[in-house]
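Have a look at the structure below before the remarks.
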Amino acid sequence: MRARKLRVPRASLISFALALSLGAPAALAQTQPAPPMELTLADALRRAAADPPAVRVALARAESARAQIDQASAGYYPTVTASGSASLGFTDQPVLANLRYQSVTMGLNAGITARVPIYDFGRTGNAVTAATRGSAAAREDVRTARVQAMSAVASAYLTVLSDQEAVNAARAVLEQREAHLRIAEGLVNAGARPPIERTRAQIDLEAGRLDLTSAETRARNDRATLAVALGMDPLRDLTLAPLPDALLTVDDDPAHAAAIAVEHRPEFAAARARVAQAEAQYAQTRAGRLPILSAQGSASVNYSERLTGQGAFGLSEQVQGSVNLTWPLYDPSVGANTRAAEANVSSARETLLQQSLTVRSAAAQAAISLQGARLSREQSERYAVTAAANLDQATGRYQGGAAPMLELVDAQAADASARYAVIRARLAEQIARVTLLTAMGDLDRLR
């Protein structure tokens with residue numbers, strides 16, 4: 001049986017080819033990765049301060065606190081109320097022994113009442129002051145949330161830069177070990193060294209490759225962490241600008257750091273505002289024992305009509321005004337609220353004292369840590385210079401046949417360890433500078 005040949009209409013082939021030609025660029029555009037994004041530390045800090053979740057929560061609380069000022073200020077303004085009613089009444093009462101009076105009446109009433117506060121002896125004023133101080137504290141909480149977000153992003157940014165240095169160092173070490181392997185192979189091939197030394201050089205080279213892989217993996221992970229902290233896709237390729245040398249310059253004197261921290265830290269400013277808020281609330285509760293002077297006026301219109309029976313009906317108007325002095329002679333809640341407010345004042349003052357100690361201690365400790373980190377970095381750099389010189393000598397001695405392979409391997413390990421120690425020490429010093437700026441409340445100057 002002959003197989004039948006499948007024929008496809010030419011028009012279908014043309015349509016299919018046209019669809020491929022139109023759809024291919026779109027598909028390629030969807031799979032093409034986004035270009036690398038250039039980022040400076042200032043850019044990263046601005047993004048960190050803009051809209052992270054913690055800042056959004058603090059902003060919402062600050063908005064709520066600001067609204068409480070308007071709520072407290074309402075006590076200054078008059079209140080106006082309107083009322084209306086409709087009634088239907090039936091009357092059945094005896095007039096004489098054998099005579100009763102019956103009537104059905106209908107009434108409509110509309111009125112308006114206004115109350116104007118004249119003086120409340122500090123109730124409203126202290127309530128507004130308390131709300132204002134609470135709003136100020138909430139604004140300082142927003143600053144605190146932003147500083148914490150910026151500090152975390154700054155540390156992540158510095159870590160990524162340090163990772164790149166570690167990758168470059170691992171590549172340099174790998175190149176050295178490749179050169180040492182070539183030297184070992186030449187000596188072994190010439191019969192000047194046993195084959196075990198070539199094997200040792202190969203093992204040392206593989207260890208260097210493993211170190212490079214680990215450094216590259218760590219760099220990718222830390223770069224993804226930074227991208228997420230900035231609200232970006234973790235796979236977004238970021239190109240970070242190096243830091244200017246003078247950017248992180250800061251005075252590391254502990255006494256100076258502690259003094260600046262008390263002036264600039266938002267946590268301490270928030271604690272001060274909350275003390276003022278508690279004092280205003282205490283004054284407000286004490287004012288509850290004092291009178292309230294107010295004026296009140298009202299006007300009403302009444303219309304009545306008898307549906308049955310006899311009697312007067314029609315419109316009537318009434319207008320009246322008064323000045324009222326209200327004095328609470330006995331209210332047990334006033335005393336209880338006053339004692340609670342007084343306790344809140346004591347608590348706020350103790351919190352302020354504790355916050356002062358915490359802020360000063362954090363700044364002083366950060367300054368001391370920076371001093372130690374700087375010394376460690378200087379020592380690691382001197383160690384790296386010595387290790388590099390030792391490696392050069394060991395390489396020359398081994399190449400000239402005056403040193404064993406073990407001496408070269410030890411020198412390689414010491415040089416690699418010194419390189420990584422310098423990178424770690426530099427990162428530790430930079431993070432210590434960021435920590436000190438955060439503890440002093442001066443991190444904003446980086447953005």
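Read-outs throughout are calculated quantities, based only on the coordinates presented, and are distinct from any laboratory measurement. Since this is a predicted model, take the numbers as computed values, not measurements. Glycine also receives a Cβ, built like all others from the backbone with ideal geometry; neighbour counts cover every protein chain displayed.
Worth pointing out:
- GNM result for the chain, Cα springs below 10 Å: residue of A138, A50, A367 fluctuating most strongly: A50
- Mean projection of the Cα convex hull over all viewing directions, computed for the range 196-270: 10.1 nm².
- For the chain, the 222 nm mean residue ellipticity estimated from helices alone, with every DSSP H stretch of n ≥ 4 adding -39500 (n - 2.57) and the total spread over all residues, rounds to -23500 deg cm²/dmol.
- Each Lys and Arg contributes +1 and each Asp and Glu -1, all at the Cβ; summed about the Cα centre of the chain, the dipole is approximately 1520 debye.
- Listed residues V385, V104, V422, most fluctuating in the chain (Gaussian network, C-alpha, under 10 Å): V104
- Note on the range 197-241: Cα-only Rg and Dmax are 15.9, 51 Å.
- Relative compactness, the range 310-369, computed as alpha-carbon Rg over 2.2 N^0.38 Å: 2.84
- Size of the range 76-181 as Cα extents on the principal axes (Å, biggest first): 137, 36, 19
- Distance between modelled label sites at T358 and V262, nm, 7 Å Cα→Cβ extension: 1.8
- Stokes-Einstein translational diffusion, the chain - Kirkwood Rh over all Cα pairs, 0.890 mPa s, 25 °C, in µm²/s: 79
- Distance histogram for the range 273-385 (every C-alpha pair counted, 10 angstrom bins, percent rounded to whole numbers): 11, 16, 14, 13, 12, 11, 8, 6, 4, 3, 2, 1
- Screening the chain for whole DSSP H helices of 24 Å or more along their axis (Cα) with average Kyte-Doolittle hydropathy at least -0.5 returns 10-31, 53-73, 123-189, 332-399, 405-440.
- The Rg/Rh ratio of the range 378-447, with both radii computed over alpha carbons and Rh defined as the Kirkwood radius, is 1.31.
- Cα gyration tensor, the range 137-277 - rounded (a/c under 1.5), prolate or oblate: prolate
- Listed residues T132, T159, T386, most fluctuating in the chain (Gaussian network, C-alpha, under 10 Å): T386
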